[in-house]
1. Any idea which of Glu66, Glu59 is in a helix (DSSP H, G or I), within 16 Å of the ligand (Cβ to nearest atom) and either of a type outside the set (Lys, Arg) or at negative phi (or both)?
2. Right, Gly201: loosely packed, with under 15 Cβ neighbours inside 10 Å and either at positive phi or polar (S, T, N, Q) (or both) or not?
3. Kindly establish whether Leu168 is in contact with an Asp or Glu (Cβ under 7 Å, 6 or more places away or on another chain), within 25 Å of Ala106 (Cα to Cα) and away from the ligand (no atom under 12 Å from the Cβ).
4. Take the conditions at pLDDT 95 or above, charged (D, E, K, R) and assigned to a helix (DSSP H, G or I) and apply them to Glu45. Does it pass?
5. Which condition does Leu168 not pass, out of (1) touching a residue at least 40 places away in the same chain (Cβ under 8 Å); (2) not polar (S, T, N, Q); (3) not in a loop (DSSP other than H, G, I, E, B), if it passes all the others?
6. Out of the range 180-203, which residues are part of a loop (DSSP other than H, G, I, E, B) and not aliphatic (A, V, I, L, M)?
7. Could you figure out which of (1) in the same structural domain as Gly27 (by TED's automatic domain parsing); (2) buried (at least 19 other Cβ atoms within 10 Å of the Cβ); (3) assigned to a helix (DSSP H, G or I) isn't true of Val74?
8. What residue, of Asp219, Asp193, Asp183, is modelled with pLDDT of 95 or more and within 16 Å of the ligand (Cβ to nearest atom)?
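The values are calculated or read from the model by the stated rules, or taken from the named source; none is laboratory data. Please read all numbers here as calculations on a predicted model, not as lab measurements. Counting neighbours? That spans all protein chains shown, and the Cβs are built from the backbone with ideal geometry, glycine included.
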Amino acid sequence: MSLKAVLFDAGNTLLFLDYGRLAPAVGEATGVALTAERLRAVAGEAARSLERRDGTDRERASRYLEAIFRLAGVPAAQGETVRDTLLALHREKHLWGAMDPRTPAALARLREAGYRLGVISNSDGRVVEGLGAVGLVGWFELVIDSADVGVEKPDPRIFGIALERLGLAAHEALYVGDIYEVDVIGARAAGLDVILLDPLGQHAGRDVTVAATVAEVADRLLGAPAA
Ligand SMILES: [Mg+2]
């Protein structure tokens, strides 16, 4: 097989916002009744604010968080309270502290099939900590955090750094991420093939292979597991 490595985005691919922790904390700070289910329900709509190409990825991430709470009913005037609360929570423990429970088995299948696994994340220097907190970090031989290397997706150089460290050519690696403008555009510019994670079916009909979950990515590459 010419494909030797599968490289993953982190946020909304391997790591998800821990809504069960965010809802009560922001709810208490703003006086707006929030539930994890409510936040989860508006997250897809909020994700559309990440597709805008302007700004750095860090700005995009704050727009995403702001949009979730605004859509969940927190008045825009309380934006600063939301931001301060989230910052305090993130200082204490990584905000992206949840994962899809099917992910470890999918990563295990990929590793058993001989694929090398890595992560390329636009983050704040804490992606290893975030992956460690949910018990995923051990699956990856390489984790690249944009804050450590000084370039961020969609800049193709961050993919080049990963390939160089793995000693692989672009056609030997596949990238999996959830934001078209960042993950698909960036990985393609570096010559990698891409699968776009699209759990809500928002990208059907676009010129890219989509999968709903990391488990579905493994099924695509390896075939569905025996029942
Ligand atoms: Mg992402």
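1. Sole residue among the options that is in a helix (DSSP H, G or I), within 16 Å of the ligand (Cβ to nearest atom) and either of a type outside the set (Lys, Arg) or at negative phi (or both): Glu59.
2. In short, yes.
3. No, not satisfied.
4. no
5. Among (1) touching a residue at least 40 places away in the same chain (Cβ under 8 Å); (2) not polar (S, T, N, Q); (3) not in a loop (DSSP other than H, G, I, E, B), Leu168 violates only (3).
6. If the condition is that a residue be part of a loop (DSSP other than H, G, I, E, B) and not aliphatic (A, V, I, L, M), then Gly191, Asp198, Pro199, Gly201, Gln202, His203 are the ones that fit.
7. All conditions are met except number (3).
8. The unique qualifying residue is Asp183.
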